[in-house]
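The values are calculated or read from the model by the stated rules, or taken from the named source; none is laboratory data. Because the structure is predicted, anything quoted here is derived from the model rather than measured. Note that we place each Cβ from the backbone using ideal geometry, even for glycine, and neighbour counts take in every protein chain shown.
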Amino acid sequence: MDCCDRFARRLLIAAIVLVSGCATNSITGRSQLMLVSEDAAVKGSISAYSNMIGQFSKKDQVETGTPRVARVREITNRLVAEAVRFRPDSANWHWEVQVINDPKVVNAFCMAGGKMGIFTGFWEKAKATDDEIANVMGHEIGHALASHTREKMSVAMSVSVGATLLAVALTARNSNDSSAFPVAQNTTALAAALAITLPNSRDAETEADQIGIELAARAGFDPRAAVTLWEKMAKAGDTPIEFFSTHPAPENRAQRLQALVLQVDPLYQRAKDNKTAGPIPDFLGQPSNEHVVGTTTRGEYTARVAAEPEVMTFMAAEFDRFRKGEVVLTCGYECVLGYGFQRSNWKTLHSKSQWRELAIAVMKTGYLNDLSYFLLGEAATGLGFRDVAKIYYTRALEARKADKSCDGVFNTCEEFDIAQRINVALGAPGFAAELDKKINKNN
Ligand SMILES: [Zn+2]
């Protein structure tokens, strides 16, 4: 092989990694390196977490049955109840929080899939109030919602996967031992364990600050506590605070937080005055949709908040346009390639009910046809925006009439029976046919 071949091949590999390895975050709109799937990140985190808690438990450091534990559980449950507004899929995470007894350590974390921990140094050393604890945990949950664990795992994997695979290959060659393979299978757990020790980027910190303060305010905790908390930690004195090694302060954190306080204060005032906004299900532990009289299931609760006509203060501008029914697709032939490349990915997102991700992916491609609009309609339906869904479904039918359809010589509708599914989705048999007539009349 000559050098040009080799160069071309390297270029191709680099292109594949770039194309498949980056994803736009549906909350923040930022492009992130995502070599690890959501599923793998969650499973790896669960495994790393149980390992870690097991070790603390052996040393008798997992606090149980104290009023402090009860309070942390109550606070985090209220935060999670607000987190499902950002990510409805997180309602089914196996959320868990443990208080780890180490009075010298001021640190907290939330891994992918909602596995949380807080060290008792927050009370013993930082003298944190409930409002401050809520702001810390809100910040940590913000990291998990914005897939920062997954992003850091991807970095860890991209560095360590080569080394691990090499180790496995050598062991297998030397001993012919098939037990070498669990090493590879556990790579995600190792990456998850490594990820919480890696520092977040300053961008990620800014995102977690913004999501965290909003979660806390919506849950009825004073957003001003975010400011006092960071001040307290910054002034902690001679001993370094562990928290800052993984959470580097973004520039002008204090000023930014002050500005955010003004933004989310109305949410806090409303939450404080209206404490009886309805029952919150228990989000900690195994997800259950079993109905118990007098309580709300996670599913019922999530559907209820999704239907509330409310705009999050922190939302990718693109998603906000989608949410308001303002997305108009105009791209033609120049987007065909991207469309061809993305379609099966859309189908996967649809089958996994990843509605935000689906909406963002379709908008990014921008290709004008019925399938694109249909999927925006499906995403809106999935998120509970019924009126907005109607807008996109209607545009899907209009696109079909204008010959911008995935039906054709090469059927590329990913096996969706679009017209039929719109009928079902709108719960009005004959709606598509009526609309067809109306469009025909107008033409
Ligand atoms: Zn952070």
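Taking region 343-375 as the range and being within 23 Å of R386 (Cβ to Cβ) and surrounded by fewer than 17 Cβ atoms within 10 Å (Cβ to Cβ) as the test, the residues that pass are S351, K352, S353.
Take the residues in region 133-147 that are of a type outside the set (S, T, N, Q) and farther than 11 Å from A108 by Cα, then tell me which one is nearest to the ligand (Cβ to nearest atom). Top of the filtered list is H143.
Out of A433, A396, A359, I need the residue that is modelled with pLDDT under 90 and within 33 Å of the chain's Cα centre (by Cα). Which one?
Exactly one of A433, A396, A359 is modelled with pLDDT under 90 and within 33 Å of the chain's Cα centre (by Cα), namely A359.
So the check is Cβ under 7 Å with 6+ separation or different chains; which pairs have a first residue in region 348-373 that's of a type in the set (D, E) and a second one that's part of a helix (DSSP H, G or I) and at pLDDT 90 or above? These pairs meet every condition: D370/A396; D370/A399. Tallying residues that are in a helix (DSSP H, G or I) and touching a residue at least 40 places away in the same chain (Cβ under 8 Å) within region 45-63 yields 9.
Residues are listed down the side, and each one gets a yes or a no for (1) surrounded by fewer than 22 Cβ atoms within 10 Å (Cβ to Cβ); (2) free of Cβ contacts under 8 Å to residues at least 12 places away in the same chain; (3) in contact with a Gly (Cβ under 8 Å, 6 or more places away or on another chain); (4) in a helix (DSSP H, G or I):
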residue	(1), (2), (3), (4)
G65	yes, yes, no, no
R68	yes, no, no, yes
R71	yes, no, no, yes
E74	yes, yes, no, yes
V80	no, no, yes, yes
F122	no, no, no, yes
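One line per residue, one yes/no per condition, for (1) surrounded by 13 or more Cβ atoms within 10 Å (Cβ to Cβ); (2) modelled with pLDDT of 85 or more; (3) more than 16 Å from the ligand (Cβ to nearest atom):
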| residue | (1), (2), (3) |
| --- | --- |
| A216 | yes, yes, no |
| R224 | yes, yes, yes |
| K235 | no, no, yes |
| I241 | yes, no, no |
| F244 | yes, no, no |
| N252 | no, no, no |
| L257 | yes, yes, no |
| V264 | yes, yes, yes |
| L267 | yes, yes, yes |
